[in-house]
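Visitor: I have a structure I would like to understand better, so I am pasting it below and will then ask my questions one at a time.
Laboratory data are not the source of any read-out in this text; all were calculated from the coordinates shown. It should be emphasised that the depicted structure is a prediction, and the values quoted were computed from it without experimental measurement. Because the Cβ atoms are built from the backbone with ideal geometry, glycine has one as well, and the counts that use them run over all protein chains shown.
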Amino acid sequence: SDDGVLVLMDMGSAVLSAETAKDFLNPEQKKKVLLASAPLVEGAISAAVQSKIGASLQMIAKAAHDSLLPKQEHLVETSPGETAPPLHQSNSGHQKVLELQIQNMDGLHLRPAAKLIGEISKYPCEVFVENVTSQRGPVPANSLGELTRLQIAKGDFARFTITGNDPEPAALALRALIDSRFGEGDTYQNTVASNENLTLPVSPGVAIGFPFLFTPVYTNVPEYRLNSEPEIQAELERFRAAIRKAVSEQNERVKSFGSALSNQDLGVFEAQKLILKDPMITREVEAGIIQKRLNAAAAWAKTLSEQIAEQENAKTSYFQARAADTKEAYHQVLAKLVAPDQPQSLSNMPDSAILICEELTPALAERAFHSGIAGVIQMTGGTTSHGAILARGLGIPAVAGAKNLGSSLCAAGKVAIDGSTGQIWINPNPETVADISCRLEKQKSEKLRIVLTALHPAITTDGVAIAIGANAGSALEIREARKTGAEFVGLFRSEFLFQGFASEPTEAEQESRFLEALNSSDLPVTIRLLDIGGDKPLPFLDPGAEANPFLGTRGIRLLLAKRGFFRSHLRALLRVSKLGRVRILIPMLTELAEIFAVKECLSEAHYQLVDAQISHQWPIEVGAMIETPAAALLSEQLAQHVDFLSLGTNDLTQYVLSAERGNAALTRFSDALHPAVLEVARLVVKAAERYQIGLSLCGETASDPIAVPVWLALGIRSFSLSPDAVAELKELVRKLNISDLNKG
């Protein structure tokens with residue numbers, strides 16, 4: 001078949017026979033045959049497992065070959081550091097080798113490695129990586145765990161071996177990714193606390209309060225042998241279910257932060273998900289269950305413990321700090337396999353407490369944020385851990401490296417910290433308390449001033465009123481939008497309400513989710529129709545595998561292809577619209593016919609609700625999301641058949657410039673002020689003005705102080721952005737003069 005054939009050989013004569021037989025095949029068949037000197041029984045089982053989970057032929061062969069290692073190690077036939085003999089492999093495809101120096105301050109750490117995996121997944125090639133400088137590897141580039149084991153530090157040379165029918169595009173993309181430093185800047189110095197009495201600044205700000213010691217509850221690992229095939233299969237399913245649940249929890253964490261974090265900071269959770277879904281880790285755990293007959297918890301613990309030990313013994317402090325991420329994944333999955341007590345709650349923490357912990361992990365940062373802690377003191381940790389990144393993103397003052405102060409901190413009645421300098425005061429004197437309290441009052445006053453002024457309209461110095469709204473995806477974000485001064489919700493992302501559904505939700509379930517989110521709001525809300533596809537899949541609305549999902553069946557295309565669900569979706573929205581001040585936005589439009597199709601389905605939904613005597617709003621306003629070049633070029637036509645337009649600059653920019661916004665190598669093209677983007681946006685502004693319909697701009701550019709004056713000069717008079725940026729935008733608008741902008 002096109003997938004290829006793996007031949008296992010465990011005798012010398014078998015090698016000769018197989019190679020002779022291969023010579024009789026035609027050239028096309030030869031390319032698909034891989035010979036491996038693997039044991040028949042263990043090798044066949046390992047190969048079958050890898051084949052079932054969709055691994056490549058090369059990875060299946062490696063699994064088969066490595067299946068003998070546990071037996072060899074038990075009989076002391078090989079040493080742990082011994083390199084496995086090379087595989088017999090066919091000359092299938094072409095090969096390209098790149099040797100490039102890694103310039104990232106912290107080397108090829110977790111987030112760049114995650115971007116590397118994302119980039120190579122776009123090309124039909126196999127990629128292996130080795131650390132030339134320290135002579136580690138090669139390892140498959142699709143495994144986060146294997147990549148981090150290479151411990152590629154700043155200045156190390158990495159060799160990429162790319163094999164495929166056409167490896168050149170993948171090679172060019174890899175070179176661009178590395179040249180761009182994976183889109184990272186050298187913002188924070190690579191600093192990790194040592195055993196000396198040296199505290200470090202982690203996240204700026206001052207805090208004072210009672211110390212609260214967090215002691216995590218760790219789970220004991222039961223270990224027992226599986227005695228039958230049904231038991232093995234049951235443990236495999238338990239392990240896979242635990243991984244699915246852990247990944248789902250990471251998705252929930254992203255939702256719980258709402259708009260409090262930037263997309264870059266939320267990438268911490270994406271990187272952690274890659275640990276949980278790492279194919280090499282999965283392979284090792286499943287091999288432990290199948291070959292060694294270990295229960296799932298023991299197999300998981302063995303595999304992850306080895307990785308943690310290797311990371312803790314790494315040559316650089318940054319890679320040592322990565323062990324915290326693997327530990328978090330370790331405990332997260334283990335908890336689901338052995339049903340331990342729930343982790344210690346922060347609910348009994350006193351008001352304005354200073355959290356004292358061994359190290360701030362992403363999960364602990366999330367719980368601390370929602371518990372309202374004043375600041376964090378880490379016994380160990382450093383400035384580059386993912387917990388530190390989240391603390392900065394969430395505005396939580398934090399310091400690290402307080403290990404030698406542990407007993408004093410726990411016995412203290414009050415502590416204070418300065419996250420900008422790393423300073424800690426234990427039982428501070430009255431003068432210090434007064435000074436820090438004064439600084440805190442200034443911080444609170446400034447925040448209060450911004451909040452209070454945010455509740456007033458945004459009017460330019462020459463008297464032009466600018467409407468400022470917020471984007472949201474939950475009830476929490478809508479409430480936050482109201483508090484920060486948003487005048488409307490310009491984009492409600494409905495897909496966030498449906499992430500928990502494994503199967504298609506009913507009309508009643510959809511209505512219930514919408515009501516939960518919108519019931520507490522008195523703001524006008526623009527609800528975007530379920531926008532699935534591209535980078536936002538849902539289990540019950542899967543467009544299927546696509547070579548380029550961003551140019552595939554997504555948005556309105558997918559909804560129109562799934563008419564049954566689409567009609568129930570529209571009925572649910574009409575029922576929710578009885579709350580008032582609700583309108584609908586159509587995503588991913590490219591032609592007028594799609595608007596007609598949506599309106600036809602809306603009319604059907606309306607009459608069905610009338611027949612059922614169900615209360616709903618009618619008529620309802622319908623808008624067009626202008627996020628494709630086609631929609632922008634046809635905006636004159638579209639504007640005649642809708643009630644309003646929404647300019648989605650994030651997608652519009654990536655489509656106009658043919659540069660995926662998630663590609664770190666193309667960061668310089670993520671520019672909504674590119675002349676080409678502005679030219680197509682000008683067409684949309686003119687169309688809205690000609691037909692006198694509303695136009696609002698949604699996208700990250702709405703919070704860019706350099707971009708906003710440009711958009712105002714272009715004619716934009718309404719913006720929708722993250723709730724936490726509303727106040728700053730209003731303050732900026734009040735300083736601008738549109739007449740002067742137009743002169744410029």
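Visitor: Tell me, what does the Kirkwood hydrodynamic radius of segment 521-591 come to in angstroms if you use every pair of distinct C-alpha atoms?
Guide: Here the Kirkwood hydrodynamic radius works out to 13.2 Å.
Visitor: Along segment 589-594, what does the Karplus equation 6.51 cos²θ - 1.76 cosθ + 1.60 (θ = phi - 60°) give for ³J(HN,Hα), rounded to whole Hz, x for Gly and Pro?
Guide: Calculated HN-Hα couplings, in order: 6, 9, 7, 5, 4, 5 Hz.
Visitor: Is segment 379-458 rounded, prolate or oblate when judged by the Cα gyration tensor, a ≥ b ≥ c being the square roots of its eigenvalues, rounded requiring a/c under 1.5 and prolate requiring a/b larger than b/c?
Guide: Oblate, since a/c reaches 1.5 and b/c is not below a/b.
Visitor: Find, among the trypsin sites (Lys or Arg not before Pro) in segment 705-744, those assigned to loop by DSSP (not H, G, I, E, B) with at most 16 other beta-carbon atoms within 10 angstrom.
Guide: R734, K735
Visitor: Oh, and also: How high is the relative contact order of segment 595-744? Use alpha-carbon pairs under 8 Å, at least six apart in sequence, and give a whole percent. Let's see the in-between values first.
Guide: On the way: 176 pairs, mean separation 28.7, N = 150.
It rounds to 19 percent for segment 595-744.
Visitor: Please tell me the relative contact order of segment 610-693 in percent, rounded to the nearest whole number, where contacts are Cα pairs under 8 Å and at least six residues apart.
Guide: 32 percent
Visitor: Sort all Cα-Cα distances of segment 572-615 into consecutive 5 angstrom bins from zero, then give the percent of pairs in each bin up to the one containing the longest distance.
Guide: 5, 19, 25, 23, 17, 9, 2, 0
Visitor: Mind computing the radius of gyration and Dmax over the alpha-carbon atoms of segment 565-712? Å is fine for both.
Guide: 17.2, 55
Visitor: Now for a separate question. Give the lysines whose C-alpha is closer than 20 Å to that of K444, dropping any in the same chain fewer than 8 places away, or say none.
Guide: Once the sequence-local lysines are set aside, what remains near K444 is K483, K730.
Visitor: Strictly over 25 Å apart at the Cα level, which of K31/K62; K62/K327; K32/K62; K32/K277; K122/K327; K245/K327 would you flag in this model?
Guide: In this structure, K62/K327; K32/K277; K122/K327 lie more than 25 Å apart at Cα.
Visitor: What lysines could a cross-link reach from K599, if we take a straight Cα to Cα line under 26 Å and drop same-chain neighbours fewer than 8 places away?
Guide: Those lysines meeting the cut-off are K536, K562, K578, K686.
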